[in-house]
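The values are calculated or read from the model by the stated rules, or taken from the named source; none is laboratory data. The structure displayed is predicted, hence computed values, not measured ones. Every residue, glycine among them, receives a Cβ derived from its backbone with ideal geometry; neighbour counts consider all protein chains shown. Accessible surface is based on the protein model in full, side chains and every heavy atom, while ligands, DNA and RNA are left aside. Shrake-Rupley method; radii C 1.70, N 1.55, O 1.52, S 1.80 Å.
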Amino acid sequence: MDELHERMLEDLYTLIGFENAGKEELCYFLRSAEEKALRFTRRWELIGGMPTIVVEIAADRFRRQGAGPEVAQRVASLTDNGQSVSFQAYAAEAVPSSGLTESEMRALCAYRKLW
């Protein structure tokens, strides 16, 4: 693993916490996010701020899989007198053709080749 990918893996560990996943699992999420980002931007390697975006995508995917303790959720129901609150995980907004969400594509658009 080269220096850039080592740094990206360290950043991913920082975002999700060391105790939440093994190196192989995080490498998979990082590799998957990088491949999707490169395919979307039509590039062969990460440039500029792309590594940071890829790490954030990998962390979001890791959390969405339910592997991390901080899975994104929204309030699904409230009860006033009984003080009951229930949560529901957000539905994935992945775009089938790219495998990226709308917000992820917007973040990567600055790096996209137009050919």
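Structural remarks
- Residue within the range 18-33 that is of a type in the set (A, V, I, L, M), at pLDDT 95 or above, touching a Lys or Arg at 6+ places or on another chain (Cβ under 8 Å) and open to solvent by less than 50 Å² (accessible area, probe 1.4 Å) present: yes
- Per-region count, the range 62-115, residues loosely packed, with under 15 Cβ neighbours inside 10 Å and at pLDDT 85 or above: 7
- Which listed residue is surrounded by fewer than 13 Cβ atoms within 10 Å (Cβ to Cβ), modelled with pLDDT of 75 or more and either within 18 Å of SER103 (Cα to Cα) or out of contact with any Asp or Glu (no Cβ under 6 Å at 6 or more places or on another chain) (or both), from ILE57, ILE47: ILE47
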